[in-house]
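Take a look at the structure set out below.
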Amino acid sequence: MKIKSTDKHTKHGVLVGHCGVDSGQIMFADPCYVKDFRMEMDEEGGHFTADLKPDARGEYPFTYNGACSATCSDEQAGQLGHSTGVVMSSGWGDGCYPVYVKYGSDGRVASATIVFVGEDDDEY
């Protein structure tokens, strides 16, 4: 992405978009792995649980139940499936959250920030 002089720079970086959340959680993962993410259902066809514990490496399964278990943990976040993704609670829950990036001197993305809970709502 080429930075334009009209891009709004904030303390978080340049606003590049928004992420919608309908489950109170969000996941960072390489798009090529999304096809491997499993939506597990119980015998009745749709109830999810959040009672899984992390494995010996401290990771949860790369599944919806794994994601729910991680975000319902004390940390409200966790590693999923052999470093396939990271999931976290989205602060206020469902909503549409701004995503910012900061660029390095070479123009490459150096970091990304999703703001779930802001200091000042007018800022976003």
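The values are calculated or read from the model by the stated rules, or taken from the named source; none is laboratory data. Bear in mind the structure is a predicted one, so any value in this text is a computation, not a measurement. Glycine also receives a Cβ, built like all others from the backbone with ideal geometry; neighbour counts cover every protein chain displayed.
Could you please give the count of residues in the range 13-23 that are touching a strand residue (DSSP E or B) at 6+ places or on another chain (Cβ under 7 Å) and either within 11 Å of VAL87 (Cβ to Cβ) or hydrophobic (A, V, I, L, M, F, W, C) (or both)?
Total satisfying the criteria: 5.
Give the residue that is modelled with the highest pLDDT, with candidates limited to residues of the range 64-90 that are surrounded by fewer than 17 Cβ atoms within 10 Å (Cβ to Cβ) and small (Gly, Ala, Ser).
ALA77
In the list GLY78, GLY95, which residue meets the criterion of being closer than 23 Å to VAL117 by Cβ and without any contact (Cβ under 8 Å) to a residue 40 or more places away in the chain?
None of the others qualify; the one that does is GLY78.
When you scan the range 47-76, how many residues do you find that are of a type in the set (A, V, I, L, M) and either farther than 20 Å from ASP36 by Cβ or over 15 Å from the mean Cα position of the chain (by Cα) (or both)?
3
Taking LYS11 as meeting all but one of (1) modelled with pLDDT under 90; (2) over 12 Å from VAL115 (Cβ atoms), write down the number of the exception.
(2)
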